[in-house]
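The values are calculated or read from the model by the stated rules, or taken from the named source; none is laboratory data. No experiment lies behind these values; they were computed from the predicted model shown. Positions of Cβ are backbone-derived with ideal geometry, glycine not excepted, and every protein chain shown enters the neighbour counts. Areas reflect the complete protein model, heavy atoms only, side chains present, ligands, DNA and RNA absent. Shrake-Rupley method; radii C 1.70, N 1.55, O 1.52, S 1.80 Å.
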Amino acid sequence: MKMQQVNVQTDTYPSHTSLWWDTIKQHSELIAALFSGCIIALTWLLESDISSFAEAGLYITAFVIGGFAKAKEGIEDSIADKDVNVELLMIIAAIGAASIGYWTEGAILIFIFAISGALETYTLNKSERELQSLMDIQPETATIIENGVEKVIQASELTIDSTILIKPGERVPADGMIIKGQTSLDQSAITGESIPVIKRIDDEVFAGTLNISGHLTIKMTKRNEDTVFQKIIALVQEAQDQKAPSQLFIEKIEGWYVKIVLLIGALLMILPHYLVGWSWEETIYRAMVFLVVASPCALVAAIMPATLSAISLGARNGILFKGGVHLEQLSSIKAIALDKTGTLTEGNPVVTDVITREDIDEDTFMRTVASIERQSTHPLAKAIVQSAGNFAWIEPEDMEDHSGWGVQASVSGTQWKVGKREFFSESAGFSLFDHQYKKLQQEGKTLVVAADEKGIAGIIALKDQVRAASIKMVKDLQKQGIEPIMITGDSEETAKAIAEEVGIEKYYANCLPEDKVTRIKQLKEEYGSVGMIGDGINDAPALASSDVGIAMGQGTDVALDTADVVLMKNDLAKLIRAVSLSNRLNTIVKQNVAFSILVILVLIASNFFQFLTLPLGVLGHEGSTILVILNGLRLLK
């Protein structure tokens, strides 16, 4: 078979200069905000040593550098939506303060709002990388068979009924049906099952799954855009486009708030002169004071510093929050869906039981079976070898692999067979182990059978072990009124056994990624707000569809990118800490918001009654901002 040569252009690899430039462009808004802050600080320090003209020039520079991005965004959004927004109000308030000589206060308003906008932009830009992480495991090429000849083509060129050859170690490029061969298939990317499953002729296979052992020939049954893998991508994208309820509420009231403040500000610049006899100087002065004290600077500070403090505290304790909205929502969840493999369990099978025939010593039995399995890369084989310990291995002879069934070999002159039960005839002596076999199977364990020339020699049971922290975490969730629910791609028997072991009452088994999303939507209808914990690619759509997606720190890149919260080091105990931190944050935010609104109302009323001078207004406004910031910083401890 002739392979095409791939020409790699040198410009595919960016230079160090271009990488630095890309980084600067990605964070340009934050850099501008910080630079603006530096100019403000420098001007304030040099205030007594420079001329008023130079001082005004520096502040104008800070205005332009810090406020350009938000001013541009505010103007563009206002034109597009045909409505005013907070961005415009902040710019007008800052200019209003500067117009009556209070440059520092106006510049600080710009700086705080610019920092907030930069953080928002950074969060939004992250979503562009999430789907790319998911696409990385999808094969770019596929080997098809046309007229008996193998040909490598782009996976995007595959069509329904294409005959595709999949070799050991390759990923399946499309959904299809096996027409030749059998193998062990790692479906963890789709179903989350930690143990590979056996696939034979007429069985369905999914794009993105990994062929472990045998050669397969499949017939493509679905278009690329209709595969389970592509549905995962679509579901993640759809869920990420949905806005949080709090964000929708803020956007709903934003326009009205700005309109009311601007309208009142405009009226204050005219009406008091005619209605109460204020001079024009006093009228304009009071209007400017109103714009300063009514600006939402304190409200912004009421939420952002507290949120950043909570995020920092979480990071120090191994809890990564990807945004304040997720931290806020965590305290409101009423149920949490938990993936089994890699979340409640360790994700790797271990030997739990060894049952042997009376005439065979257990150590000898394990030594023989491990010597045979030592040549295999199958997860079950690795677990058996690891359980057997260190000893002088017996080199098997006449090794013969029966893909999807087991392996056969000669050890010290005796013929051995190791594999699943169907690999052996009923006359092999299963009646001796029938009771134990059924009992272990009911416990959700995977069973490996070994036989010598006399018949069945023993059974090895393996199980994906429950994490030590899982049982305590489930109890702690229940104490806080949060219902734990397991959603897994594993079988009913395995799911039931694990659920009973950790104390979960409600569980769903045999769930594909789209089934998990359906379950999440059903749970949201039943409980209102629902979280989801997972670690695999198959969990990504459910993580994105839940109100708060939580990923295990050692999970797949896609799960980590898609999730809203990451528990570093796979420590489930950190989930309870995260919920507690969310409760503390919401309490402080409520305190700050109530205090900020009260101060604004008092300052506005004082201005109407002419009790408030501009310096006092600025002092009250900035003082309330400092107080709510300090209150938020309490979350750092």
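Could we say that PRO305 is over 18 Å from ASP571 (Cβ atoms), at pLDDT below 80 and in contact with a Gly (Cβ under 6 Å, 6 or more places away or on another chain) here? Yes: the conditions hold for PRO305.
Note on the stretch 479-495: among residues that are of a type in the set (D, E, K, R) and closer than 25 Å to SER529 by Cα, the one that is surrounded by the most Cβ atoms within 10 Å (Cβ to Cβ) is GLU483. Restricting attention to the stretch 133-162 and to residues that are of a type in the set (Ser, Thr, Tyr) and crowded, with 17+ Cβ neighbours inside 10 Å, the residue that is modelled with the lowest pLDDT turns out to be SER133. For the stretch 507-529, the condition of being in a helix (DSSP H, G or I), at pLDDT below 90, open to solvent by 20 Å² or more (accessible area, probe 1.4 Å) and closer than 26 Å to THR227 by Cβ holds for at least one residue. For the stretch 113-132, a tally of residues being closer than 27 Å to ALA287 by Cβ and at pLDDT 70 or above returns 1.
Would you check if SER332 is part of a loop (DSSP other than H, G, I, E, B), among the hydroxyl-bearing types (Ser, Thr, Tyr), modelled with pLDDT of 85 or more and over 21 Å from VAL197 (Cα atoms)? When the stated conditions are applied, SER332 passes them.
The lone criterion from (1) within 27 Å of THR377 (Cα to Cα); (2) assigned to a loop (DSSP other than H, G, I, E, B); (3) not hydroxyl-bearing (Ser, Thr, Tyr) left unmet by ASP161 is number (1).
Taking GLN610 as the residue in question, decide whether it is open to solvent by 30 Å² or more (accessible area, probe 1.4 Å), of a type outside the set (D, E, K, R) and not in a helix (DSSP H, G or I). Answer is yes for this residue. Residues in the stretch 266-283 that are in a helix (DSSP H, G or I), open to solvent by less than 70 Å² (accessible area, probe 1.4 Å) and either over 21 Å from LEU603 (Cβ atoms) or modelled with pLDDT under 85 (or both): HIS273, GLU282, THR283. So for the stretch 466-476 (the condition being touching a strand residue (DSSP E or B) at 6+ places or on another chain (Cβ under 6 Å) and either under 20 Å from LYS334 (Cβ atoms) or at pLDDT 90 or above (or both)), does at least one residue qualify? Checking the stretch 466-476: at least one residue is touching a strand residue (DSSP E or B) at 6+ places or on another chain (Cβ under 6 Å) and either under 20 Å from LYS334 (Cβ atoms) or at pLDDT 90 or above (or both). Taking first residues from the stretch 98-113 that are buried (at least 24 other Cβ atoms within 10 Å of the Cβ) and partners that are outside any helix (DSSP H, G or I), the Cβ contacts under 8 Å between residues at least 6 apart in sequence or on separate chains come to LEU109/SER295. Of the candidates VAL350, VAL289, VAL300, VAL325, the single residue that is at pLDDT 85 or above, of a type in the set (A, V, I, L, M) and either touching a helix residue (DSSP H, G or I) at 6+ places or on another chain (Cβ under 8 Å) or in a helix (DSSP H, G or I) (or both) is VAL350. Could you check how many residues of the stretch 435-451 are small (Gly, Ala, Ser) and in contact (Cβ under 8 Å) with a residue 60 or more places away in the chain? Result for the stretch 435-451: 1.
Sort out which residues of the stretch 565-588 are of a type outside the set (A, V, I, L, M) and open to solvent by 20 Å² or more (accessible area, probe 1.4 Å), and write them in order of number.
LYS569, ASN570, ASP571, LYS574, ARG577, SER580, ASN583, ARG584, ASN586, THR587
Name the single residue that is modelled with the lowest pLDDT among those in the stretch 589-607 being of a type outside the set (A, V, I, L, M) and open to solvent by 40 Å² or more (accessible area, probe 1.4 Å). Here the answer is LYS590.
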